[in-house]
Amino acid sequence: MPTRWKPDRPYDALPALPPAVDLETRAVMRQCVKARAALAELKQASALIPNPGMLINTLPLLEAQASSQIENIVTTADQLFQHLETEAGADPATREALRHRHALLEAYGTLPKRPIATRTAEAVCTRIKGVEMKVRRVPGTALVNAATGAVIYTPPETEARIRELLGNWEQFLHSAEDLDPLLRMSAAHYQFEAIHPFTDGNGRTGRVLNSLYLVEQGLLTLPILYLSRYVIANKPDYYRLLLAVTSDMAWEPWLLYMMRGVEETAQWTTMKIGAVRELSKATTVHVRSKLPKIYSHELVDTIFAQPYCRIANLVQAGIAERQAASRYLKALVSIGVLREITSGREKLFLNPRLLALLTREGNKFEPYR
């Protein structure tokens, strides 16, 4: 009902899902098949990695960084990895991006108990923002052009109407089983952003829900799709196509955008996992050759759990007591596997090849000498 929409007026007449158009066009379904195939490969690749904990520690953090950057909350992957276990000394942007990761993983842990719902969104947004976030109760929320100040979109108002729309959103996610889950995810993402249920944090919350939905529907076993990377690379299209659905019911371009995003991101992530596996194998050979007395499979797994390792990580893994753990890490520094870094009062041991693989586009790594 685009004729009833005006940017500067609350869009209380936002149509319910499913939309009154055919979502399963030939072009969309062709692209959906490609996206599903790429997701299947990613699911298989994640099952083959020796230390799946590494995926949970790293990829959701990269997604958190990118999703925050979309909202102009800018930090670096290096800063996030450094402060993954303690936020002491982290700047506000880094702390907010870390909360994004916590929100994703905490909600992921609840999926076996309850399906995605409005309260899931409220819990995710609350964790991201660090304050309690509930569905909006007061008017006055509007999206504006940062350069001109012009109002681009005014979401629905009144708590009753917002909750009514969210109830329909929940039902669509779990009842429209005649639609492919990827189409449901994409349509529901538009709807969530159009409802704009919170005063802040809607974009990041919506993107967390995308990852959770792929797991809920069995398309992935872990929330590791780094979809915000694609959104950043195509950010103008992201906002333009969202608005085009509102103004012109242009669903096909939006769905194609999302399907391509899933396909490209899944392919990128699969290749990245393969590169990390190769680096882990090369590291195993190098450590076993140079440091046979301290080598263990568990030691290599621990220094690959995330790019920054602490003495406490080896102790917690049962590899060695504190003094021996310190010697082990310094020995790994001596053979070029790790690099010792001082961060405040703490000693950190960086796996530079792993950090480079995770934060750069390429999948080649410097060989051990």
In region 264-336, the trypsin sites (Lys or Arg not before Pro) that fall in loop regions by DSSP, at most 15 other Cβ within 10 Å: K293
Full-extension gain between E298 and S334, please, as 0.36 nm times their residue separation minus the C-alpha to C-alpha distance. 11.0 nm
Among V285, V300, V33, residue whose mean-square fluctuation peaks in a GNM of the chain (springs only between Cα atoms under 10 Å): V285
Alpha-carbon centroid distance for the pair region 91-166 / region 227-267, whole angstrom: 20
Just to confirm the filter: which GluC sites (Glu not before Pro) across region 166-222 are DSSP coil and have at most 16 other Cβ within 10 angstrom of their Cβ? E177
Can you name the helices of the chain, as whole DSSP H runs, whose Cα span along the helix axis is 30 Å or more and whose Kyte-Doolittle mean is not below 0.0? 26-48
Using r as the Cβ-Cβ distance of L111 and D200, and R0 as 35 Å, what FRET efficiency do you calculate, to the nearest 0.05? 0.90
For the chain, taking Cα atoms only, what is the radius of gyration to one decimal and the Dmax to the nearest whole Å? 22.3, 74
Distance in nm between V315 and V138 label points, each 7 Å along Cα→Cβ, equals 4.8
In nanometres, the difference between 0.36 nm per residue of separation and the alpha-carbon distance of T25 and H174 is 51.5 nm
Sequence ranges 117-125, 16-24, 64-72, ranked by mean other-Cβ count within 10 angstrom, highest first: 64-72, 117-125, 16-24
Please give the FRET efficiency for A16 paired with I341, using the beta carbon to beta carbon distance and R0 = 45 Å, rounded to the nearest 0.05. 0.25
When the helices in the chain are scored as -39500 (n - 2.57) per DSSP H run of 4 or longer and the sum is shared across all residues, what 222 nm value do you end up with, to the nearest 500 deg cm²/dmol? -19500 deg cm²/dmol
Suppose R0 equals 51 Å. What FRET efficiency, 1/(1 + (r/R0)^6) with r the Cβ-Cβ distance, do A324 and A37 give to the nearest 0.05? 0.60
Give the cross-link partners of K281 among the aspartates and glutamates, using a straight C-alpha distance below 16 Å as the criterion and excluding same-chain residues fewer than 8 apart. E298, D301, E366
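No lab work stands behind these numbers, since they all come straight from the coordinates. These numbers were taken from a predicted model, which means no experiment stands behind them. Cβ coordinates were reconstructed from backbone atoms using ideal geometry, including for glycine residues, and neighbour counts include every protein chain displayed.
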